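What follows is a set of notes on a single structure, which appears directly below.
Bear in mind that the values in this text are calculations on the coordinates, not laboratory data. These numbers were taken from a predicted model, which means no experiment stands behind them. Neighbour counts run over all protein chains shown; Cβ positions are idealised from the backbone, glycine included.
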Amino acid sequence: METAVVVERIRLLLARFPEDEETVRRLVATDSSFDALCHEYLEVMELLHGFEVQVERLSQRRAWLEEGTADAH
């Protein structure tokens, strides 16, 4: 597996568990089920980030709408 692909797949996991970097890298290289879990973890974290961005946008929109409604009264 390409080094860049592996690094991207485990980047968020290493950010969360920096003390276990050596173990994570070893497991990704030697255990296909662990590698699959790392891939799934990355997908879930990316989805969560997308949802967090959307929640922030919706919160800002709600605030804007509430301000407009308050001004109308």
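Assorted remarks:
- Label zone at residue 49, where the point sits 7 Å out along the Cα-to-Cβ direction: segment 4-24 residues whose backbone N lies under 13 Å: 8-16
- Residue-wise HN-Hα couplings along segment 25-32, as the Karplus relation 6.51 cos²θ - 1.76 cosθ + 1.60 with θ = phi - 60° gives them from phi, are 4, 5, 5, 4, 6, 10, 10, 5 Hz; Gly and Pro carry x.
- Pairwise Cα separations in segment 3-72 fall into 10 Å bins from 0 onward with the following percentages, short to long: 19, 35, 16, 14, 11, 5, 0.
- A simple spin-label model places the labels of residue 60 and residue 40 3.4 nm from each other, with each point 7 Å out along Cα-to-Cβ.
- About its Cα centre, the dipole of the chain is roughly 80 debye, where the only charges are +1 on Lys and Arg Cβ and -1 on Asp and Glu Cβ.
- Tilt relative to the chain, helix 3-16 - C-alpha long axis, 0 to 90 degrees, to 10: 60 degrees
- Taking the chain as a Gaussian network of alpha-carbon nodes connected by springs under 10 Å, the highest mean-square fluctuation of the residues 63, 29, 15 belongs to 63.
- Contour minus Cα-Cα distance for residue 11 and residue 33 (0.36 nm per residue): 6.2 nm
- Karplus 3J(HN,Hα) series, Hz, for segment 52-58 with 6.51 cos²θ - 1.76 cosθ + 1.60 (x for Gly, Pro): 4, 5, 5, 4, 4, 4, 5
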